[in-house]
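The values are calculated or read from the model by the stated rules, or taken from the named source; none is laboratory data. What you are looking at is a predicted structure, and each value in this text was computed from that prediction instead of being measured. Note that each Cβ is placed from the backbone with ideal geometry, even for glycine, and that neighbours are counted across all protein chains shown.
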Amino acid sequence: MKKALTFLLLSVCFRGYADLRYIHLEKVNPTGQYNKEINFLSDNVQYYDHWSPDWTYTVKKDSLIQELTRCYKLFAQVQAKTDNVETDLLVGEIARFLYNLSVEEYYEKAESFYQKAIQLDKKDYRGYWFLANHYTYADVQDKSVFFFQRAQELLQPGAPADFWAEYAYAMLLSNMISHCRMALDTAKKISGGSDYISQLEKLLQLRWKSIDVDSSYQKEDLWTGDFTGRKLDLFSRALGLKLRIDSSWGLQVMEYSKHQTAVILKPSMATSNKGKKIGFTIALLMKVAAPDETLDAYMSQFKFEGGRRTADPLPTPWKNTLSYSIRSEKTYPDWGGGHFHVIGIERDAPAYPGLLLEYPQKTPAGQAGKVNYYMPAAQRTRFQGKIFYILLLDTCEDIHETSYAVFRKLIQEQLVIE
């Protein structure tokens with residue numbers, strides 16, 4: 001069972017939007033026999049549509065819990081007789097209200113009724129939205145992000161700005177600041193703006209740190225790493241890429257200087273057909289290009305003695321790429337000669353840099369039973385303009401097949417470049 005949210009991550013308590021306004025209550029109460037209960041839920045929603053660390057209202061909390069419990073039991077009976085999406089959403093909301101009042105047993109009940117609504121109509125985005133909102137305020141950010149993005153996929157024209165504002169808040173809590181920026185822009189286009197959106201925008205500005213293409217940066221300034229099992233995720237918003245490698249690989253990350261940087265990978269050694277262990281490297285070189293620079297000119301500097309350059313048909317996920325291989329008998333002559341592969345990629349800054357790279361981040365564990373304040377560190381923005389990326393496989397003929405398979409998998413499955 002989840003506990004009530006104990007982190008006020010932004011030092012501000014925001015209220016949830018996914019509420020009674022988006023439930024067709026006339027389908028739950030067609031004859032008007034439940035007007036009293038519906039009016040109670042609507043008239044008092046400002047007290048329980050969010051969790052408060054301290055109760056400062058004149059209305060007694062216990063009296064709200066008592067009446068909400070009665071409403072929950074009543075509409076749960078209605079739901080059992082005439083199960084439909086609207087009733088499931090309503091009962092889920094009432095359970096969420098009780099959970100917001102720290103009646104923790106209703107966490108799973110709210111979750112259950114939202115899931116029932118989804119099962120009844122898997123194309124109705126509201127069930128995913130309400131469930132995502134529930135997870136947001138319960139500090140289950142990975143599930144919150146998943147269900148918000150699932151709801152986004154199902155949105156129809158005319159979706160409310162409230163959805164996007166709530167989406168933005170969830171992304172801010174998950175430290176997915178590019179998603180937050182996109183959602184806030186969408187909400188403003190629909191509604192023209194609101195105080196809620198303005199507050200979120202002010203908080204979002206605190207998450208950005210500017211970057212200067214002409215400055216030098218240490219690797220810690222541009223990269224973050226996260227171990228997942230035996231995999232290591234490297235993330236650089238400034239350089240517009242994300243890379244997953246095995247944690248047993250050798251790794252060298254260079255500083256950024258004179259518009260360039262590099263990551264050198266040393267995968268596990270391969271065994272040749274002669275039974276010899278031979279190492280190989282994969283280099284990822286990055287250059288923030290000047291407006292008049294071309295990718296072809298940048299790639300022309302990568303030459304190998306006695307090398308013969310031929311086109312390489314290796315498929316890549318990116319447009320604007322150049323790809324070729326080079327074989328050189330003078331390089332690594334004891335291992336069948338050198339066999340190199342070079343791929344050049346040119347990418348302009350997308351509308352929302354970081355959108356393809358972000359993933360939900362958990363909040364740190366705080367002291368149990370107390371309100372813990374937490375503000376994530378600001379992140380560098382992406383370098384402006386176009387960036388050149390060079391992927392270079394440095395291997396030999398005796399282990400070419402094995403090393404090329406590792407290179408191909410890295411490009412097609414383990415590397416994201418915006």
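Of all residues being among the small types (Gly, Ala, Ser) and under 14 Å from residue 400 (Cα atoms) in the range 324-355, which is surrounded by the most Cβ atoms within 10 Å (Cβ to Cβ)? Just the residue, please. Filtering first and then ranking leaves 338. Among the residues making up the range 57-115, those that are of a type in the set (Val, Ile, Thr) and either part of a loop (DSSP other than H, G, I, E, B) or without any contact (Cβ under 8 Å) to a residue 40 or more places away in the chain (or both) are 58, 59, 65, 69, 82, 91, 103.
I'm trying to understand the selection: among the residues of the range 48-71, which are in contact with a Lys or Arg (Cβ under 8 Å, 6 or more places away or on another chain) and crowded, with 18+ Cβ neighbours inside 10 Å? Step through it out loud before you land on a result.
Taking the range 48-71 and keeping what is in contact with a Lys or Arg (Cβ under 8 Å, 6 or more places away or on another chain), we get 49-50, 55.
49 - this is the single residue of the range 48-71 that is in contact with a Lys or Arg (Cβ under 8 Å, 6 or more places away or on another chain) and crowded, with 18+ Cβ neighbours inside 10 Å.
Quick check: anything in the range 319-335 at pLDDT below 85 and touching a strand residue (DSSP E or B) at 6+ places or on another chain (Cβ under 6 Å)? Yes. Scanning the range 142-157 finds one or more residues that are over 26 Å from residue 354 (Cβ atoms) and of a type outside the set (A, V, I, L, M). Scoring residue 47 on the criteria (1) part of a loop (DSSP other than H, G, I, E, B); (2) closer than 12 Å to residue 97 by Cβ leaves a single failure, condition (1). Restricting to the range 116-134, name every residue that is in contact with a helix residue (DSSP H, G or I) (Cβ under 8 Å, 6 or more places away or on another chain) and basic (Lys, Arg). Within the range 116-134, 116, 123, 126 meet the criteria. Can you tell me which residue is farthest from residue 285 (Cα to Cα) among those in the range 219-242 that are loosely packed, with under 12 Cβ neighbours inside 10 Å and not β-branched (Val, Ile, Thr)? Of everything passing the filter in the range 219-242, 229 is farthest from residue 285 (Cα to Cα). Can you find a residue that is on the phi < 0 side of the Ramachandran plot and surrounded by 23 or more Cβ atoms within 10 Å (Cβ to Cβ) anywhere in the range 202-216? Within the range 202-216 (the criterion being on the phi < 0 side of the Ramachandran plot and surrounded by 23 or more Cβ atoms within 10 Å (Cβ to Cβ)), the answer is no, since none of the residues qualifies. Remark: pairs (first residue in the range 231-256, among the aromatic types (Phe, Trp, Tyr); second residue at pLDDT below 90; Cβ separation under 9 Å; 6+ apart in sequence or on different chains) = 235/224; 235/225; 235/226; 235/359; 249/232. Being at pLDDT below 95 and part of a loop (DSSP other than H, G, I, E, B) is not true of residue 340.
Of all the listed residues (161, 183), the sole one being of a type in the set (A, V, I, L, M, F, W, C), crowded, with 19+ Cβ neighbours inside 10 Å, more than 29 Å from residue 235 (Cα to Cα) and in contact with a helix residue (DSSP H, G or I) (Cβ under 8 Å, 6 or more places away or on another chain) is 161.
Here is a check on your reading of the model: is residue 399 of a type in the set (Val, Ile, Thr), at pLDDT 95 or above and under 22 Å from residue 242 (Cβ atoms)? No. Residue 367 fulfils the conditions (1) in contact with a strand residue (DSSP E or B) (Cβ under 9 Å, 6 or more places away or on another chain); (2) at pLDDT below 90; (3) not in a strand (DSSP E or B) except for a single criterion, (1).
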